[in-house]
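The values are calculated or read from the model by the stated rules, or taken from the named source; none is laboratory data. On a predicted model such as this, the values are computed, not experimentally measured, just so you know. Cβ placement follows ideal geometry from the backbone for every residue including glycine, while neighbour counts extend to all protein chains displayed. These area figures cover heavy atoms from the full protein model, side chains too; ligands, DNA and RNA do not enter into them. Shrake-Rupley method; radii C 1.70, N 1.55, O 1.52, S 1.80 Å.
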Amino acid sequence: MRLVELSRSEHAGLRIRADRVEASAASQHLVPIVVSEFRKAATQYPIVFAKNPETGRFAPYVLNGLGVEENLFWSGTELDVAYVPLNVRRQPFYVGMNDAPNGPATNVLCIDLDSACLDGSGTKTIVNPDGSDSAYLKEILSILGELVAGKKTTEQFIASVLSLDLLAPIMLDIVLDDGTPLQVQGLYGLDEEKFRQLDAGQVASLWKTGYLDLIYAVLIASGQIFKLIRMKNQRIAASRAWHSNAS
């Protein structure tokens, strides 16, 4: 990765291959999300929690696979989902920090010059012929704006569920159709039993902050694990059938 601050003039000629944006998640079994995505994500993925490797703090993620670097939604050409997380759609753009010498640090728009999304054959441009931001860049800015705005709210939600002791390790001990045992470790979910033991005042507080709906979204999304197991079984069966026919 080679992040640089985006210059509308210096980088005006860059083109982005939109078809490679989703490919950036082809080997991501976890993709970080913010709370504003919970309801949409819950219709597709399990929503889990894990410790951020950089900060050591808990963060929410969508679970794409049952193994490290496995994305069961990746078809080979696209993500076969109705909702693609913001952290995928924003590629190859990032938010960096500009350390002002005489003031507080500010957010700056950055681009990864090493990204495979950058290609001269791409159809997406950064600026219009008149130098104004392209419709594509405006969409990216909107996505990054939602991620930046959602960071604090997401951290507050995590702090709330931790204060109520609602996070618990997910114990997944799966046996696939072919008899292969599979264990998924290092992930956390919401403890439904502890959630139901909250008193009326705690539930009311969660309702007022808007966290109650988020908790329900996570609990509902937990059922999507069965979809991943089915997809894993189907992928293994398809792989074996292909190898059988090839031989």
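If the condition is being touching a Ser or Thr at 6+ places or on another chain (Cβ under 7 Å) and not acidic (Asp, Glu), then segment 118-149 contributes THR125, ILE126, VAL127, ASN128, SER134, TYR136. For segment 106-154, a tally of residues being assigned to a helix (DSSP H, G or I) and of a type in the set (D, E, K, R) returns 5.
Out of all the residues in segment 213-239, which are more than 17 Å from TYR45 (Cβ to Cβ) and more than 21 Å from the chain's Cα centre (by Cα)? Let's see the steps before the verdict.
Keep residues of segment 213-239 that are more than 17 Å from TYR45 (Cβ to Cβ), which gives 213, 233, 236-239.
Scanning segment 213-239 gives ASN233, ILE236, ALA237, ALA238, SER239.
Do we have ILE170 as surrounded by 15 or more Cβ atoms within 10 Å (Cβ to Cβ), over 21 Å from ARG2 (Cβ atoms) and either touching a Pro at 6+ places or on another chain (Cβ under 6 Å) or at pLDDT below 95 (or both) here? Working first, answer last.
On the way: surrounded by 15 or more Cβ atoms within 10 Å (Cβ to Cβ): yes; over 21 Å from ARG2 (Cβ atoms): yes; either touching a Pro at 6+ places or on another chain (Cβ under 6 Å) or at pLDDT below 95 (or both): yes.
The answer is yes for ILE170.
Picking from residues in segment 47-96 that are under 15 Å from the mean Cα position of the chain (by Cα) and among the hydroxyl-bearing types (Ser, Thr, Tyr), the one that is surrounded by the most Cβ atoms within 10 Å (Cβ to Cβ) is TYR61. The condition of being free of Cβ contacts under 8 Å to residues at least 12 places away in the same chain and among the β-branched types (Val, Ile, Thr) holds for only one of VAL95, VAL175, VAL84, VAL108, that being VAL175. So the check is Cβ under 8 Å with 6+ separation or different chains; which pairs have a first residue in segment 179-204 that's farther than 20 Å from MET231 by Cβ and a second one that's of a type in the set (Asp, Glu)? These pairs meet every condition: ASP191/ASP165; LYS194/ASP165.
Each row is one residue, and each column tells you yes or no for (1) over 17 Å from PRO60 (Cα atoms); (2) modelled with pLDDT of 95 or more; (3) buried (at least 17 other Cβ atoms within 10 Å of the Cβ).
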residue	(1), (2), (3)
SER121	yes, no, no
PRO129	yes, no, no
THR153	no, yes, no
PHE157	no, yes, yes
LYS194	yes, yes, no
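Quick one: which of TRP207, TRP242 is over 21 Å from the mean Cα position of the chain (by Cα) and at pLDDT 95 or above? Quick ask: steps written out before the conclusion?
Numbers: TRP242 fails: at pLDDT 95 or above.
Answer to the check: TRP207.
Output the qualifying pairs, or none if there are none: Cβ atoms under 6 angstrom, residues six or more apart or on different chains, first residue in segment 8-37 and on the phi < 0 side of the Ramachandran plot and assigned to a helix (DSSP H, G or I), second residue open to solvent by 50 Å² or more (accessible area, probe 1.4 Å) and hydroxyl-bearing (Ser, Thr, Tyr). Pairs that qualify, where the first residue is on the phi < 0 side of the Ramachandran plot and assigned to a helix (DSSP H, G or I) and the partner is open to solvent by 50 Å² or more (accessible area, probe 1.4 Å) and hydroxyl-bearing (Ser, Thr, Tyr), are VAL35/THR153.
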